[in-house]
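Single-structure report; data block below.
The values are calculated or read from the model by the stated rules, or taken from the named source; none is laboratory data. Just so it is clear, the model here is predicted, and its values are computed rather than measured. Here Cβ is always computed from backbone atoms with ideal geometry, including for glycine, and neighbour counts include all displayed protein chains.
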Amino acid sequence: AWASADPRGTALQRLQIIKGWEKDGETYEEVYDVACSDGLIPDPDTYRCGDNGARVDISDCSITEGVGAAELKTVWQDPDYDPGSRAFYYVRALENPTCRWSTWDVIRAGVEPRPDLHTTLQERVWSSPIWVR
């Protein structure tokens with residue numbers, strides 16, 4: 001799995017593999033963090049990256065500089081692979097958090113943000129799935 005940051009975007013925070021499968025008529029999904037920025041490694045028990053320290057200043061939408069990666073890549077093997085089971089896998093990359101468009105509008109207008117809206121988001125991109133039978 002390999003992802004590069006958008007030159008006009010922010011740095012990458014993590015690379016994930018999403019696995020989906022069906023068993024006894026039920027659909028399941030598992031998310032594995034497989035590559036982390038800033039020298040972090042996925043926890044072997046939870047398959048999650050630790051906090052890389054990326055922050056957003058909501059007063060002006062500035063982001064933490066020098067945090068994140070321009071590129072993330074890894075070779076990964078499913079720790080729960082079952083050769084008798086059909087599954088699909090796809091890769092997803094997440095950027096560091098940035099301001100949501102509505103937060104930019106609040107700053108420009110000089111008003112308080114709406115409490116029912118998130119002030120930040122994490123842009124993401126994903127690949128086409130591969131199917132394993």
For residues that are aliphatic (A, V, I, L, M) and surrounded by fewer than 22 Cβ atoms within 10 Å (Cβ to Cβ), scanning just the stretch 10-26, find the one that is nearest to residue 44 (Cα to Cα).
17
Look at the stretch 79-97 and say how many of its residues are at pLDDT 95 or above and closer than 16 Å to residue 129 by Cα.
7
Condition first: touching a residue at least 12 places away in the same chain (Cβ under 8 Å) and in a helix (DSSP H, G or I). Now tell me which residues in the stretch 90-102 satisfy that.
102
Here are some conditions: (1) at pLDDT 95 or above; (2) outside any helix (DSSP H, G or I); (3) among the charged types (D, E, K, R). Residue 105 meets all but one. Which one does it not meet?
(2)
Suppose we filter the stretch 86-101 for residues that are more than 19 Å from residue 127 (Cα to Cα) and surrounded by 13 or more Cβ atoms within 10 Å (Cβ to Cβ); how many remain?
4
Suppose we filter 117, 72 for residues that are part of a strand (DSSP E or B), hydrophobic (A, V, I, L, M, F, W, C) and either under 21 Å from residue 11 (Cα atoms) or in contact (Cβ under 8 Å) with a residue 12 or more places away in the chain (or both); which single one remains?
72
Do you know which residues across the stretch 35-45 are within 27 Å of residue 100 (Cβ to Cβ) and surrounded by fewer than 20 Cβ atoms within 10 Å (Cβ to Cβ)?
38, 40
Would you check if there is a residue in the stretch 71-81 being among the acidic types (Asp, Glu), closer than 23 Å to residue 34 by Cβ and surrounded by 14 or more Cβ atoms within 10 Å (Cβ to Cβ)?
yes
Just to be sure I understand, how many residues within the stretch 59-95 are over 30 Å from residue 27 (Cα atoms) and in contact with a strand residue (DSSP E or B) (Cβ under 7 Å, 6 or more places away or on another chain)?
6
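Would you check if residue 57 is charged (D, E, K, R) and out of contact with any Cys (no Cβ under 6 Å at 6 or more places or on another chain)?
Spelling it out, residue 57 is indeed charged (D, E, K, R) and out of contact with any Cys (no Cβ under 6 Å at 6 or more places or on another chain).
Going by the structure shown, is residue 76 among the hydrophobic types (A, V, I, L, M, F, W, C) and either at pLDDT below 95 or farther than 24 Å from residue 42 by Cα (or both)?
no
Residues checked against (1) out of contact with any Gly (no Cβ under 9 Å at 6 or more places or on another chain); (2) under 30 Å from residue 109 (Cα atoms); (3) touching a residue at least 24 places away in the same chain (Cβ under 8 Å):
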{"site": "1", "(1), (2), (3)": "yes, no, yes"}
{"site": "29", "(1), (2), (3)": "no, no, no"}
{"site": "52", "(1), (2), (3)": "no, no, yes"}
{"site": "60", "(1), (2), (3)": "yes, yes, yes"}
{"site": "80", "(1), (2), (3)": "yes, no, yes"}
